[in-house]
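See below for the structure under consideration.
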C-alpha cells in the first residue's frame, strides 16, 4: 500500500514535469512541441556526457545538462519554429523533424545500446517499512520544488504575468508592450528545461537510449488531454491520476498493462469530456 | 488557357516501370522497387486523409502494422490462404480507424494527431508485451508469399499501387474530395454550409485505413515476416515525409515521393544507418524551401508543357 503511494507519487512527479512543460508551451505559444520527448532524452544524455565522459561532478553535470537543453530549446524556437509560425501544420512538422533529428544524432553518437547514468543519491531510504531508492525520492522532491517554483514565478512576478497575458491573448499582450517573441523563446526554454530535468532525474532508473523520450511523451499527451490542453493545474492533477493509476494497475493487475492505461485515458477523455478536467473549452 | 495535357509523359513512365523485369537483371533492385510501390500505397492513402482534410495522422503505422499482423495471424496461426489477408487486413485497419477516429475527429485541435501518434507507439509496445501471441521482438515469421515468382510479385505490386492510387486520386477529384478539401480550407465555413464534417473526416480516415491495412498485409506477405517495427514511428513518419516531398493533397504526388525517396535512400545505402536522418533533413528542407512539395508541382509543370500550374 505504502509502496503504491510512494512509487505512484514518484512517477506522478516525473510525468508532471514533462506534462507541465508541454502544456505551457502549447498554452502560451500554441506550439504543439513534438520534440518534448527528445528534450527529455537530451537531459539524460548530456548528463551522461558531462559526467561519464568528461568527468564533471555529477551534480554540476546535471545542472549543466538542464541549462544546455534550455539553451537548445530557445535556439530551436528562434531558428526553426518562428519562421514557420504562419502555419500550425508546419510548426507541428518541424518539431517532429527536430525530434527525429535529435534522436538520430544521439543514435549515431552513442549507438543504440543503453547507457548508465549514475544516481545522484545512491542510498536506499526506508520509509514506513518500505525500501525506496534515494534517486526516486530525489526525483519526487525536485519535481515538487521545480513545479512550485514555476507556479510562483508565473503567478507572482512581472515576467510571469507577461507569460499569462500572452497565453490569454498574444495580440493584446503585444499592444501592451510585451515582446511576444521573447516570451515564446523564454517559455520554450523553460519547457525544455523541465523536460530535461525530468530526464536527468529519471535516467538512473530508466533505460537511457536514443528513443527513450517517445513513450514518456505519449504519457505527457494523455496527461495534457486529461488535464485540458494549456492548463497547468489540470496537468498536475492529471499527472497524479495517471501516475497513480499506472502504479495501481501495475500492482493489482499486471505490470504489462500499464502502457495501456494512457491510451485508454486518451480515448475515454476524448469521448466523455474532450475539454479535459480543467480546460474551459476544447483547444483551438 | 491551359495547354493540352501531355499524357505521353505518363505513358513513358508506365512503359519504363512496366518492363523493368525485362531489362533490369538485378533481383535486389526489383525488390527495392516493390518496396517503393508498397510505400507508395501507404503514402497515397495517408495523403488521401491528411492531405485532403488537413488532419495530420502521425500514426499511419497503426493501420500498416494492423494489416500486417492480421495477415500473419490468419496465415500462420490459422493457415488461411494469403489472399484472404488483403481484405482482412483492410477491415482490421478500418476497425482501428473507427476506434481512433470516432472520439478524436469530432473535435477540433490537435487531438487526432496526438491520439494517432500515441496509439501507434502503444500498440508497438503491446506487440512486445503480449509476446506469447505476437512473438515479441522477433515477430511472426514463415508467412506464405502471395505469389512465388519475383517477376509476378513485381507486377502484382505495380498493379496494386496503380489501382490504389487511381482509386484514391479519383475519389480526391470527385465531389466528395472537394468536400473534404473544404474541411481543410475552413472547417467552420464547411459546417455552416451544411456539411457533416465529422462524418466525412471519419469516412476519409476509413478509406485511408483500408488501403494502408491492405498495403500492410501485402507487405507482410512480401517480407514473409512481421515485427513490432511495423508499428514504429519510423514507418509513420517516413510515410508523412514521402507525402510532403510529393506535395500534400495531390495523392499521386505521394506515390512519386515514395518512389523518389526509396530510390534515393537506396542510392545512399552505404550510409544505411543514416537513412532516417536523411529523410529528416529532406523534411526540414522541404518545410523551409518547398512548402508545396517537389513531385506534384514538377508533374503539373511537365504535364502542362512548361507553364506554371
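The values are calculated or read from the model by the stated rules, or taken from the named source; none is laboratory data. The shown structure was predicted, so the numbers you read here are calculated from the model rather than taken from an experiment. Virtual Cβ from ideal backbone geometry, glycine too; neighbours counted across all protein chains shown.
Taking (1) on the phi > 0 side of the Ramachandran plot; (2) surrounded by 15 or more Cβ atoms within 10 Å (Cβ to Cβ) in turn, residue B:177 satisfies each apart from (1).
Might you let me know whether the range A:60-70 holds any residue that is buried (at least 19 other Cβ atoms within 10 Å of the Cβ), in contact with a strand residue (DSSP E or B) (Cβ under 8 Å, 6 or more places away or on another chain) and more than 10 Å from every other protein chain (Cβ to nearest Cβ)? No - not one qualifying residue is present in the range A:60-70. Inclusion of residue A:262 among residues that are buried (at least 24 other Cβ atoms within 10 Å of the Cβ) and over 23 Å from residue A:135 (Cβ atoms) is warranted. If you go through the range B:137-151 and keep only what is in contact (Cβ under 8 Å) with a residue 24 or more places away in the chain and in contact with a helix residue (DSSP H, G or I) (Cβ under 7 Å, 6 or more places away or on another chain), you end up with B:137, B:139, B:140, B:142, B:143, B:144, B:145, B:146, B:150, B:151. You will find that of A:137, A:152, A:215, A:146, the residue that is touching a strand residue (DSSP E or B) at 6+ places or on another chain (Cβ under 7 Å), part of a helix (DSSP H, G or I) and surrounded by fewer than 23 Cβ atoms within 10 Å (Cβ to Cβ) is A:137 and no other.
Name the residue, out of A:172, A:129, that is at pLDDT below 85 and over 22 Å from residue A:47 (Cβ atoms). Only one candidate qualifies: A:129.
One line per residue, one yes/no per condition, for (1) surrounded by fewer than 24 Cβ atoms within 10 Å (Cβ to Cβ); (2) out of contact with any strand residue (DSSP E or B) (no Cβ under 6 Å at 6 or more places or on another chain); (3) farther than 30 Å from residue A:172 by Cα:
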site: A:15; (1), (2), (3): no, yes, yes
site: A:53; (1), (2), (3): yes, yes, yes
site: A:58; (1), (2), (3): yes, yes, yes
site: A:87; (1), (2), (3): yes, yes, no
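Restricting to the range A:73-98, and then to whatever is within 9 Å of chain B (Cβ to nearest Cβ) and either within 19 Å of the chain's Cα centre (by Cα) or touching a residue at least 24 places away in the same chain (Cβ under 8 Å) (or both), can you tell me which residue is farthest from residue A:17 (Cα to Cα)? Selected residue: A:88. All of B:276, B:290 fail the test of being in contact (Cβ under 8 Å) with a residue 24 or more places away in the chain, surrounded by fewer than 21 Cβ atoms within 10 Å (Cβ to Cβ) and within 13 Å of another protein chain (Cβ to nearest Cβ), apart from B:276. Could you tell me whether residue A:70 is farther than 15 Å from residue A:213 by Cβ, in a helix (DSSP H, G or I) and within 15 Å of the chain's Cα centre (by Cα)? So residue A:70 passes the test.
Filtering the range A:253-284 to residues that are facing chain B (nearest Cβ under 9 Å), under 21 Å from the mean Cα position of the chain (by Cα) and modelled with pLDDT under 75 leaves only A:283. Meeting the requirement of 1 or more residues that are crowded, with 23+ Cβ neighbours inside 10 Å and more than 12 Å from chain A (Cβ to nearest Cβ), the helices (runs of 4 or more DSSP H) wholly within the range B:48-140 are B:61-72, B:82-105. Take the range A:218-233 and flag every residue that is in a helix (DSSP H, G or I) and either under 14 Å from the mean Cα position of the chain (by Cα) or crowded, with 24+ Cβ neighbours inside 10 Å (or both). Those that are in a helix (DSSP H, G or I) and either under 14 Å from the mean Cα position of the chain (by Cα) or crowded, with 24+ Cβ neighbours inside 10 Å (or both): A:218, A:219, A:220, A:221, A:222, A:223, A:224, A:225, A:226, A:227, A:232. Being within 22 Å of residue B:291 (Cβ to Cβ) and in contact with a helix residue (DSSP H, G or I) (Cβ under 9 Å, 6 or more places away or on another chain) is the filter here; which residues of the range A:68-83 pass it? Scanning the range A:68-83 gives A:76, A:77, A:78, A:80, A:81, A:82, A:83. Before we move on, is residue B:283 modelled with pLDDT under 85 and more than 13 Å from the chain's Cα centre (by Cα)? No, not satisfied. Residues in the range A:102-119 that are surrounded by 15 or more Cβ atoms within 10 Å (Cβ to Cβ) and touching a residue at least 60 places away in the same chain (Cβ under 8 Å): A:102, A:103, A:104, A:106, A:107, A:110, A:115, A:117, A:118, A:119.
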